[in-house]
Amino acid sequence: MGDLNLWKIYCETESKWVNMWLEDPATLTYCPNNNQHTITSGTQVVSESRPETGPVMSDGRPIIRADTRPLNTSTYFTMAGDTASGIGTGTALRWDFSDDSTTVSGPATLSNGFEIPEGHKAQVFDFSFLDPAYFKDGTVYFFDAPWGCYAAMDIIVPSGSYYPNDHGAIPASALGLPGDDTYSYASSDQIYFRYLNRHYMYGSCPMGDELNAEGCMVDALPVGWFVRGVIVTPNSDNSCKGYAELEMYRHRSVILPGDSP
């Protein structure tokens, strides 16, 4: 929103001055009471201005920032998701192919439609957050990755939920939501956005492979949605391991006494 100006203009039809607030750079060129009225050309003038200062600190000083961190959020680094009762106590963002107890062998299709090709296997870790989370950067650390090993990360709408879709048939009003957006129903886990696509790894990278972004996500990951990380590797691999870190913005990093999860 820009500066607001209170314009006044003389209406010959009503024989009086009339006023209207307009946002810069608009100029009043008609009678705001009725645009069919006759006005006196050249009489419009700004009688009052209200500059748009934007957000301010508690002492009234304007906040001027160059970063993309949403207001009232803080930077949060994590290698684990949340649980229903705790922040940072959920699924760890790591894998270890020396232990095949959680491995999915290909060819296979995961619940969100992700394909594990023939001749490969995968380890999967799902994680979510108690509060809206704005993803920014990330780092992948890996060890002994063979040729053909890669990572993927999807933002997923869980089965039984609704999600925005320009081609959806459900209006926002039917869900009690404002606006004119349309929605679809997820009858199964639905990939909403592929956050990391086929990121290949080879050898060892103990210092971390950084995935940098100029800014954070515009819209936060909604509460109830989850992220699925998948590490795919050839069947012959029994040694690759690693972990990932996410940098994000969120409103809290701990549950203080008296807060609810």
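The values are calculated or read from the model by the stated rules, or taken from the named source; none is laboratory data. Bear in mind the structure is a predicted one, so any value in this text is a computation, not a measurement. Note that each Cβ is placed from the backbone with ideal geometry, even for glycine, and that neighbours are counted across all protein chains shown.
What the table shows:
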quantity: Residue pairs meeting the criteria (Cβ under 8 Å; at least 6 apart or on separate chains; first more than 30 Å from C149 (Cα to Cα) and assigned to a loop (DSSP other than H, G, I, E, B), in the range 179-197; second of a type in the set (A, V, I, L, M, F, W, C) and at pLDDT 95 or above); calculated: A186/V157
quantity: Which numbered condition E118 fails, given (1) surrounded by 13 or more Cβ atoms within 10 Å (Cβ to Cβ); (2) on the phi < 0 side of the Ramachandran plot; calculated: (1)
quantity: Within the range 212-238, considering residues that are modelled with pLDDT under 95 and part of a strand (DSSP E or B), the one surrounded by the most Cβ atoms within 10 Å (Cβ to Cβ); calculated: L221
quantity: Residue among F125, F143 that is within 26 Å of the chain's Cα centre (by Cα) and of a type outside the set (S, T, N, Q); calculated: F125
quantity: Lone qualifier among N19, N33 - being assigned to a strand (DSSP E or B), over 30 Å from M153 (Cβ atoms) and not hydrophobic (A, V, I, L, M, F, W, C); calculated: N19
quantity: Strands (runs of 3 or more DSSP E) (entirely within the range 55-168) containing at least 2 residues that are out of contact with any Lys or Arg (no Cβ under 7 Å at 6 or more places or on another chain); calculated: 74-78, 120-127, 134-157, 162-164
